[in-house]
Amino acid sequence: MLRGRTRGSAGQTNRAARWRGLSALAVVGVVAVGLAGCSAAVGKNVAHTTHSHSARAKTHTTKPTASAAPDPAMSHLATAEPAASPMPSPTLTPVPAGTVVAQGDVASPKGSIHYHYRVVANGDNTFSVQYSNFTSTVPIPVSVTLIDIPPRVGDGLTWHGVGDHVLGGPTTSPTGSTASLGSEDQPSYLKALVTYSSVASADGVPVELGPNKVLAVNAVTWNVPARSTNVHPVDHGVRTYAAGKVTATTSSGAPESYLIAPGDITSVVAERFGISVQDLIWLNANLQVFGDQQYLYEGTTLNLDPDRT
């Protein structure tokens, strides 16, 4: 009996050991499966967490919070200045139509030619010359022109000036006519009214009446009213790239002309006189420049007086 119980106890003991082993294996399996599941879950969670962090990071980059420090790279957006308004176009108010700006009587030295002239504003910054009471006893056609440098009687005219106009041949009664000064805006630089022979050939006429011979020279006194403008040059002083000299001033003391120095640049010269490049070009219709920086030609003279455009 004692041996039977002993075997029974041993069998029970062996079965218990086997169950413990199986239970341990089962636990290990369960743990392994659990760990595998946890690993998968953790992997998913990690991936989800990483994706969420990335999303949050991306959101943070594009939409910083109010408490975030400002990005220096974006500061120019906050400090950008508004676009400048376009500069107004230069203007010059015309002398009223019908205003007489110069007039006088002409008589040739020998008394063979007489006439009266009047220079009249057309109201659009142009002028016309009205000739009246023209009489002539010379046997050739006679013409008239306005010139800046007066010739002398007897000279041969080499340039027909401004407003060149045929008055006519010998007359039996006074005649009249009108001539345009073309595109001349301010004619007061024209100092003399010149009467000359406009005969086509020297054949059969005295030498003193030959083609282009000057028959009379009359100084012109101008009285052109000042025209109002929105361009008012003021000399703010010599500077780099605008180191030339003001060579003349108007009666009010404003700069009238400017001698270009070596290295002068259009934009800086305009800045020196407080005007725009557009204004400078308007004042100087034939302005010539060279190079990408718009250098001006040394030794040339710029006009700065709006009334002389």
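The values are calculated or read from the model by the stated rules, or taken from the named source; none is laboratory data. These figures come from a predicted structure and were not determined experimentally. Neighbour counts are summed over all protein chains in view; Cβ atoms, including those assigned to glycine, are modelled from backbone coordinates with ideal geometry. Calculation scope for accessible area: heavy atoms of the full protein, side chains included, ligands and nucleic acids excluded. Shrake-Rupley method; radii C 1.70, N 1.55, O 1.52, S 1.80 Å.
For M87, work out the one condition from (1) touching a strand residue (DSSP E or B) at 6+ places or on another chain (Cβ under 8 Å); (2) over 23 Å from T175 (Cβ atoms) it doesn't fulfil.
(1)
Would you tally the residues in the stretch 158-187 being closer than 20 Å to H114 by Cβ and either of a type in the set (F, W, Y) or not in a strand (DSSP E or B) (or both)?
Number of matching residues: 6.
Which one is modelled with the highest pLDDT, of the residues in the stretch 183-196 that are hydroxyl-bearing (S, T, Y) and either open to solvent by 50 Å² or more (accessible area, probe 1.4 Å) or over 46 Å from the mean Cα position of the chain (by Cα) (or both)?
Per the stated criteria, the residue is Y189.
Taking the stretch 144-171 on its own, how many of its residues are without any contact (Cβ under 8 Å) to a residue 60 or more places away in the chain and farther than 19 Å from Y189 by Cβ? It would help to see each step written out before you state the result.
To start, the set of residues in the stretch 144-171 that are without any contact (Cβ under 8 Å) to a residue 60 or more places away in the chain comprises 144-145, 147-149, 155-171.
Checking which are farther than 19 Å from Y189 by Cβ leaves us with 155-156, 166-171.
Total meeting the criteria: 8.
Among the residues of the stretch 124-161, write down those that are aliphatic (A, V, I, L, M) and closer than 15 Å to V217 by Cβ.
V142, V144, L146, I147, I149, V153, L157
Residue by residue through the stretch 101-143, note down the ones that are out of contact with any Pro (no Cβ under 7 Å at 6 or more places or on another chain), in a loop (DSSP other than H, G, I, E, B) and more than 18 Å from K191 (Cα to Cα).
P109, K110, G111, S112, N122, I140, P141
If we keep just the residues of the stretch 267-309 that are small (G, A, S) and at pLDDT below 95, which is surrounded by the fewest Cβ atoms within 10 Å (Cβ to Cβ)?
Per the stated criteria, the residue is G291.
Restricting to the stretch 202-228, give me the number of residues that are open to solvent by less than 50 Å² (accessible area, probe 1.4 Å), in contact with a Phe, Trp or Tyr (Cβ under 9 Å, 6 or more places away or on another chain) and basic (K, R).
Final tally of qualifying residues: 0.
Which of the residues that make up the stretch 133-160 are surrounded by fewer than 18 Cβ atoms within 10 Å (Cβ to Cβ) and either at positive phi or touching a Gly at 6+ places or on another chain (Cβ under 9 Å) (or both)?
N133, T137, P139, P141, D148, G154, G156
Applying the selection to the stretch 247-263, what residues are touching a residue at least 12 places away in the same chain (Cβ under 8 Å), within 15 Å of N303 (Cα to Cα) and open to solvent by less than 50 Å² (accessible area, probe 1.4 Å)?
Across the stretch 247-263, the qualifying residues are T250, A254, P255, E256, S257, Y258, I260, A261.
Filter the stretch 162-172 down to the residues that are open to solvent by 60 Å² or more (accessible area, probe 1.4 Å) and under 13 Å from T137 (Cα atoms) and list them by number. Give the derivation first.
So the first thing to find is which residues in the stretch 162-172 are open to solvent by 60 Å² or more (accessible area, probe 1.4 Å), and the list is 164, 166, 170, 172.
Result: P170, T172.
Could you tell me whether the stretch 201-213 includes any residue that is outside any helix (DSSP H, G or I), modelled with pLDDT of 95 or more and among the hydrophobic types (A, V, I, L, M, F, W, C)?
For the stretch 201-213, residues outside any helix (DSSP H, G or I), modelled with pLDDT of 95 or more and among the hydrophobic types (A, V, I, L, M, F, W, C): absent.
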